[in-house]
1. Looking at the stretch 40-61, which of its residues are in contact with a Ser or Thr (Cβ under 7 Å, 6 or more places away or on another chain) and closer than 17 Å to G15 by Cβ?
2. Going by the structure shown, is I85 within 16 Å of the ligand (Cβ to nearest atom), more than 18 Å from G15 (Cβ to Cβ), touching a helix residue (DSSP H, G or I) at 6+ places or on another chain (Cβ under 7 Å) and not in a loop (DSSP other than H, G, I, E, B)?
3. So I204 clears everything in (1) at pLDDT 95 or above; (2) part of a loop (DSSP other than H, G, I, E, B); (3) under 23 Å from D12 (Cβ atoms); (4) aliphatic (A, V, I, L, M) except one condition, right? Which one?
4. Considering only the stretch 109-124, how many residues are more than 8 Å from the ligand (Cβ to nearest atom) and under 13 Å from V51 (Cα atoms)?
5. For the stretch 115-162, name all the residues that are among the hydroxyl-bearing types (S, T, Y) and in contact (Cβ under 8 Å) with a residue 40 or more places away in the chain.
6. Regarding L115, is this residue modelled with pLDDT of 95 or more and either farther than 28 Å from Y263 by Cα or buried (at least 21 other Cβ atoms within 10 Å of the Cβ) (or both)?
7. Could you tell me which of the residues Y185, Y191 is surrounded by fewer than 18 Cβ atoms within 10 Å (Cβ to Cβ) and either over 18 Å from T77 (Cβ atoms) or acidic (D, E) (or both)?
8. So V59 clears everything in (1) part of a strand (DSSP E or B); (2) more than 19 Å from G256 (Cα to Cα); (3) within 15 Å of the ligand (Cβ to nearest atom) except one condition, right? Which one?
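The values are calculated or read from the model by the stated rules, or taken from the named source; none is laboratory data. These numbers come from a predicted model, not from an experiment. Reconstructed Cβ throughout: ideal geometry from the backbone, glycine too, with neighbour counts over all protein chains shown.
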Amino acid sequence: MVYKALTIAGSDSSGGAGIQADLKTFQECHVYGMSAITAVTAQNTNGVQGVFPLSATEVIEQLISVAEDLPPQAVKTGMLVNEEIIASVSEFASSSVWEKLIVDPVMIAKGGASLLEEKSIETLINQLIPIAYVITPNIPEAETLTGREILNVDDCRKAAEDLYMMGAKHVVIKGGHQSQSQSLYATDILYDGKGFYEFTSPRISTPHTHGTGCTFSAVITAELAKGNTVYDSVHTAKGFITAAISHSLGIGSGHGPTNHWAYFEKVKI
Ligand code: PXL
């Protein structure tokens with residue numbers, strides 16, 4: 001059986017985040033990767049120099065082509081740019097047979113560039129979160145979506161409950177941005193409406209974290225496409241991203257990419 005996953009996201013010319021990170025990650029997980037591009041970005045490890053969105057119609061045309069011929073077992077969203085694209089993708093997803101929609105609510109790039117118009121956050125909340133099988137915000141994104149200040153793991157749990165009440169079936173809040181970043185660990189929380197699960201890894205001090213969020217949610221998507229449970233998929237994603245950060249490639253003069261081949265090539269940590 002060939003498992004297929006689709007990413008609906010922006011292109012990152014530097015290859016570390018967005019569509020490129022997703023496809024590299026799907027390949028590493030032995031899942032056939034497909035894409036629908038929402039915007040082309042011109043960027044490198046020093047920042048985002050340009051953002052060129054496609055129209056909502058152009059995004060949907062890609063989805064129709066893929067859905068007609070190559071139905072995916074899991075679908076992930078990343079950079080969705082604006083209200084029109086969020087609304088169209090949400091409508092397409094609700095009327096399709098996609099069971100596993102993984103929403104990475106991408107808002108801001110590492111260097112601070114905006115990847116989502118602020119006024120579209122309401123549309124994300126009203127239309128996309130209610131149909132998400134898994135949502136994977138980092139702490140600043142979870143704060144924006146819930147209006148709750150997150151200072152510790154307990155606050156993460158409360159925000160996860162809020163996001164579950166907003167309709168997401170599973171909530172993963174990534175601990176990489178924990179404000180107690182002097183902490184030796186990064187703890188991610190998974191909430192499924194019944195229980196909380198924690199995934200902890202050593203905190204690695206490095207500037208090379210470009211694309212970590214995309215890569216993490218792409219592993220979850222690929223593992224779900226293969227039929228794994230949400231718990232097992234998050235567990236694999238945590239191992240994959242920890243290896244990718246700790247063996248980063250050291251390329252570029254700014255915030256470099258992670259190493260997408262580290263987990264399967266080196267020791268599984
Ligand atoms: O990591 C968030 C992200 C998502 N999508 C694209 C990006 C970035 C960060 O730079 O460029 C296209």
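1. Within the stretch 40-61, V40, T41, A42, Q43, N44, T45, N46, V48, G50, V51 meet the criteria.
2. yes
3. Against the list (1) at pLDDT 95 or above; (2) part of a loop (DSSP other than H, G, I, E, B); (3) under 23 Å from D12 (Cβ atoms); (4) aliphatic (A, V, I, L, M), I204 comes up short only on (1).
4. Residues flagged as more than 8 Å from the ligand (Cβ to nearest atom) and under 13 Å from V51 (Cα atoms) within the stretch 109-124 amount to 3.
5. Scanning the stretch 115-162 gives S120, T123, Y133, T136.
6. Answer is no for this residue.
7. Y185
8. Failing condition for V59: (1).
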